[in-house]
Amino acid sequence: MQVTSTTIPEVLILDPKVFGDARGFFSESYNRRSFQDATGLDVDFVQDNHSRSGKGVLRGLHYQMQQPQGKLVRVTQGLVFDVAVDIRRSSPTFGRWVGVELSGENHRQLWVPAGMAHGFVVLSESADFLYKTTDYYAPEFERCIAWNDSDIGIEWPLAAHAIVQPKLSSKDCAGVPLVHADVFV
């Protein structure tokens, strides 16, 4: 597994080894020992999630104030632009974002540690998005930052994929600007 740091040092891009031939491919999507050796992180995942979304669906920017979740995310079918935003006020990268294309073709994964807001937009006709979490989903502690907050300035690749307006849930429509959001110390 190859690990690449990002402009937010704790957010990591993971490229697993993929073995393929005319029959298809094989890839180990997760191995605790390999993950620890490659990243230096000893993470205990407690929940696996799988979502399917159509083109233009944008989910996020989500996080939990209590029971914060670290996430190991990947796409098994389709293409998404995945984003992590540092919302740790004491961090030198507070308010900065990292965006990475994840697809069933590139097999890439993104490690999003606790203390980040997370979101993605589907760029293909549909996408299957899978992620492991380090704590359980707790809707009572969930928060949402506006996906289009100009202070964060995420460069969502919407126009390049003929997406005029992203499709949002009512929860995501109610996202607040970072300046008014609950954040981590």
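Looking at the structure I just gave you, is Lys55 within 19 Å of Ala159 (Cα to Cα) and of a type in the set (Lys, Arg)?
Details: within 19 Å of Ala159 (Cα to Cα): yes; of a type in the set (Lys, Arg): yes.
Considered against the rule, which asks whether it is within 19 Å of Ala159 (Cα to Cα) and of a type in the set (Lys, Arg), Lys55 comes out as yes.
In the range 1-30, which residues are over 19 Å from the mean Cα position of the chain (by Cα) and either surrounded by 13 or more Cβ atoms within 10 Å (Cβ to Cβ) or of a type outside the set (Asp, Glu) (or both)? So that I can check it myself, show each step before the final result.
To start, the set of residues in the range 1-30 that are over 19 Å from the mean Cα position of the chain (by Cα) comprises 17-28.
Listed by number, the residues that qualify are Lys17, Val18, Phe19, Gly20, Ala22, Arg23, Gly24, Phe25, Phe26, Ser27.
Name the single residue that is nearest to the chain's Cα centre (by Cα) among those in the range 145-185 being of a type in the set (Asp, Glu) and surrounded by 14 or more Cβ atoms within 10 Å (Cβ to Cβ). I'd like the intermediate steps shown before the answer.
Step one: filter the range 145-185 for residues of a type in the set (Asp, Glu), giving 149, 151, 155, 172, 182.
Still in the running and surrounded by 14 or more Cβ atoms within 10 Å (Cβ to Cβ): 149, 172.
Numbers: Asp149: 17, Asp172: 15 Å.
So, considering only residues that are of a type in the set (Asp, Glu) and surrounded by 14 or more Cβ atoms within 10 Å (Cβ to Cβ), the one nearest to the chain's Cα centre (by Cα) is Asp172.
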> When the range 1-19 is examined, which residues are found to be in contact (Cβ under 8 Å) with a residue 60 or more places away in the chain, closer than 24 Å to Pro92 by Cα and part of a strand (DSSP E or B)?
Replying inline: Leu12, Ile13, Leu14
>> Suppose we filter Ala114, Ala22 for residues that are free of Cβ contacts under 8 Å to residues at least 12 places away in the same chain and aliphatic (A, V, I, L, M); which single one remains?
In response: Ala22
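Can you give me the number of residues within the range 85-120 that are in contact with a Ser or Thr (Cβ under 6 Å, 6 or more places away or on another chain) and closer than 24 Å to Gly20 by Cβ? Write out each step before concluding.
Going through the range 85-120, the residues in contact with a Ser or Thr (Cβ under 6 Å, 6 or more places away or on another chain) turn out to be 86, 98, 104, 107.
After this cut, where a residue has to be closer than 24 Å to Gly20 by Cβ as well, the list is 104, 107.
Qualifying residue count for the region: 2.
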>> For the range 92-185, give me every one of the strands (runs of 3 or more DSSP E) that falls completely inside it and has 2 or more residues that are among the aromatic types (Phe, Trp, Tyr).
In response: 126-133
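Conditions tested, residue by residue: (1) β-branched (Val, Ile, Thr); (2) in contact (Cβ under 8 Å) with a residue 12 or more places away in the chain; (3) assigned to a helix (DSSP H, G or I).
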position	(1), (2), (3)
Phe35	no, yes, yes
Leu41	no, yes, no
Ser51	no, yes, no
Gln69	no, yes, no
Val75	yes, yes, no
Phe81	no, yes, no
Ala84	no, yes, no
> Under 7 Å by Cβ, and 6 or more places apart or on different chains, what pairs join a residue from the range 142-153 that is free of Cβ contacts under 8 Å to residues at least 60 places away in the same chain and more than 11 Å from Gly175 (Cα to Cα) with one that is surrounded by fewer than 20 Cβ atoms within 10 Å (Cβ to Cβ) and not aromatic (Phe, Trp, Tyr)?
Replying inline: Asp151/Gly95; Asp151/Pro177; Asp151/Leu178; Asp151/Val179
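Report yes if Phe94 is surrounded by fewer than 18 Cβ atoms within 10 Å (Cβ to Cβ) and either in contact with a strand residue (DSSP E or B) (Cβ under 7 Å, 6 or more places away or on another chain) or without any contact (Cβ under 8 Å) to a residue 40 or more places away in the chain (or both), otherwise no.
Values: surrounded by fewer than 18 Cβ atoms within 10 Å (Cβ to Cβ): yes; either in contact with a strand residue (DSSP E or B) (Cβ under 7 Å, 6 or more places away or on another chain) or without any contact (Cβ under 8 Å) to a residue 40 or more places away in the chain (or both): yes.
Spelling it out, Phe94 is indeed surrounded by fewer than 18 Cβ atoms within 10 Å (Cβ to Cβ) and either in contact with a strand residue (DSSP E or B) (Cβ under 7 Å, 6 or more places away or on another chain) or without any contact (Cβ under 8 Å) to a residue 40 or more places away in the chain (or both).
Laboratory data are not the source of any read-out in this text; all were calculated from the coordinates shown. These numbers come from a predicted model, not from an experiment. Cβ atoms come from the backbone with ideal geometry, glycine included; neighbour counts cover every protein chain shown.
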